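The values are calculated or read from the model by the stated rules, or taken from the named source; none is laboratory data. In this text, all values refer to a predicted model and were calculated from it rather than measured experimentally. Note: ideal-geometry Cβ built from the backbone for every residue, glycine included; neighbour counts use all protein chains shown. In case anyone asks, the SASA skips ligands and DNA or RNA and just uses the protein heavy atoms, side chains included. Shrake-Rupley method; radii C 1.70, N 1.55, O 1.52, S 1.80 Å.
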Amino acid sequence: MASADESHSNVEDITEHQAVLDIPHDQSLSPENEAKAKDRISLLDSTEDFEMIDNAEEEDGDLSDLPSLEDVKKETTSPREEASNEDPSQTAQTNESEEEWLDVLGNENLKKKVLIPGKGPESRPLKGQEVTVRLKVILESGVVVDDREALTFTLGDGDVIQALDLCVQLMELGETALIESDAKYCYGTEGRSPEIPPNATLTLEVSLLETQDGPDLELLSGQEKLDLANKKRERGNFYYQQANYVFAINSYEIALKIINSSSKVEFSPEEEAELLDVKIKCLNNLAAAQLKLDHFEAALKSCNVVLEYQPENIKALFRKGKVLAQQGEYSEAIVILRKALKLEPANKTIHAELSKLVKIHTDQKNVETAMYKKMLGNVGPTAKSTPKSSWSIPWKWLFGATAIAIGGVALSVVIAARN
């Protein structure tokens, strides 16, 4: 079975049991039977608690290395008649069966039942430990689609489907359990082609074989660190394809933590280069997932880290441009996207994004220009106003100028006459 999902904490489920006592009215009770009856009646108020989740870029920015219910007959008897006709032994068996199942999340969508008890609660694994399980995955039809003798994963890292990650945390060493899970805690709406269809409810038979502490990152060789980081990165890609961006981010960040951890082992130049390549892929994919969740500041930071190592990384430039545009920094975004387009002129995605931003930026500038004109009182004619003739505006000015000129001539004549 391909690795699958993440982990959450369990919740408590409280079930209530009531015993019904029917005493015939025509029957008297001996003192001994009366005492027993009282004991049974007291059960009516009792409760019992049980302790208990690289292909081409798309327009939104894809990843750098992703592959690309049986009919029921109507009852004619009343509820009271039905209750009186029930076999007490069958009722007891039903209640016992219900009690065997643990409602892990309290929503009836993820349940666990112990088939073989383990070594006690103290043997339960902890988050961060590596666990090895025997696993069988069964469809509702009864078809077994996966059968693993030994599957090892880090508990709580989201290396496997959520149903498995959540329930193994509640298991004891040596325990065998049955898990029934809704599709959303397994493979969701996508399924796992070809054997697991979309929206498939699954039953998992799990045995907890072994638990041990996780590896010491400082003591990992270059190849071991590379393999572990790639495993987490690929898990992030799985979550991204499932549109589960929160878990994708978690997996990418775990991979980066592994790569950035200090080491007491020297790596070869080739191993250093490979680790850097994985780091760049994780950061680019991390930025893509952060963009999907509108975490713009975080996405910008991820892009900038990539560009510190590789100033001409096309994907980092493209995603940085998108982040800046989302923040309203159109001018800067256009500059960044033009740089990316210059590096890869045939990239249609960059072309489309750049054209869109240029249009948005131009429209914004036109709106701002009209606003400034209105603020300064320099408003052009409205659509309903009739165009004015070239003489309709300055006629007062012309009249005044003419009067001044005539007055000037008359004054000259007077002065000349006096002289």
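Results, tabulated for the structure shown:
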quantity	calculated
Where a residue in the stretch 337-359 is under 13 Å from ALA316 (Cα atoms) and its partner, wherever it lies, is surrounded by fewer than 13 Cβ atoms within 10 Å (Cβ to Cβ), with Cβ under 6 Å and at least six apart	LEU343/GLU312
Of the criteria (1) modelled with pLDDT of 95 or more; (2) of a type outside the set (Gly, Ala, Ser); (3) open to solvent by 80 Å² or more (accessible area, probe 1.4 Å), which one ILE336 fails	(3)
Residues being closer than 21 Å to ILE249 by Cβ and among the acidic types (Asp, Glu) - total across the stretch 145-190	4
Residue count for the stretch 223-234, restricted to those that are surrounded by fewer than 18 Cβ atoms within 10 Å (Cβ to Cβ) and touching an Asp or Glu at 6+ places or on another chain (Cβ under 8 Å)	1
Given (1) touching a Phe, Trp or Tyr at 6+ places or on another chain (Cβ under 8 Å); (2) open to solvent by less than 70 Å² (accessible area, probe 1.4 Å); (3) not acidic (Asp, Glu), number of the condition ILE314 does not satisfy	(1)
Evaluation of VAL137 against (1) closer than 20 Å to PRO198 by Cα; (2) open to solvent by less than 30 Å² (accessible area, probe 1.4 Å); (3) outside any strand (DSSP E or B); (4) not acidic (Asp, Glu) (one fails), failing number	(3)
Sole exception among (1) open to solvent by less than 10 Å² (accessible area, probe 1.4 Å); (2) under 30 Å from GLY120 (Cβ atoms); (3) not hydroxyl-bearing (Ser, Thr, Tyr) for GLN212, by number	(1)
Check on LYS264, open to solvent by less than 10 Å² (accessible area, probe 1.4 Å) and either more than 17 Å from ALA299 (Cα to Cα) or in contact with a Lys or Arg (Cβ under 6 Å, 6 or more places away or on another chain) (or both)	no
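This table checks each residue for (1) assigned to a helix (DSSP H, G or I); (2) more than 21 Å from VAL131 (Cβ to Cβ); (3) open to solvent by 20 Å² or more (accessible area, probe 1.4 Å).
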{"residue": "ASP159", "(1), (2), (3)": "no, no, no"}
{"residue": "LEU164", "(1), (2), (3)": "yes, no, no"}
{"residue": "LEU170", "(1), (2), (3)": "no, no, no"}
{"residue": "GLY174", "(1), (2), (3)": "no, no, yes"}
{"residue": "LEU178", "(1), (2), (3)": "no, no, yes"}
{"residue": "LYS184", "(1), (2), (3)": "yes, yes, yes"}
{"residue": "THR189", "(1), (2), (3)": "no, yes, yes"}
{"residue": "PRO198", "(1), (2), (3)": "no, yes, yes"}
{"residue": "VAL206", "(1), (2), (3)": "no, no, no"}
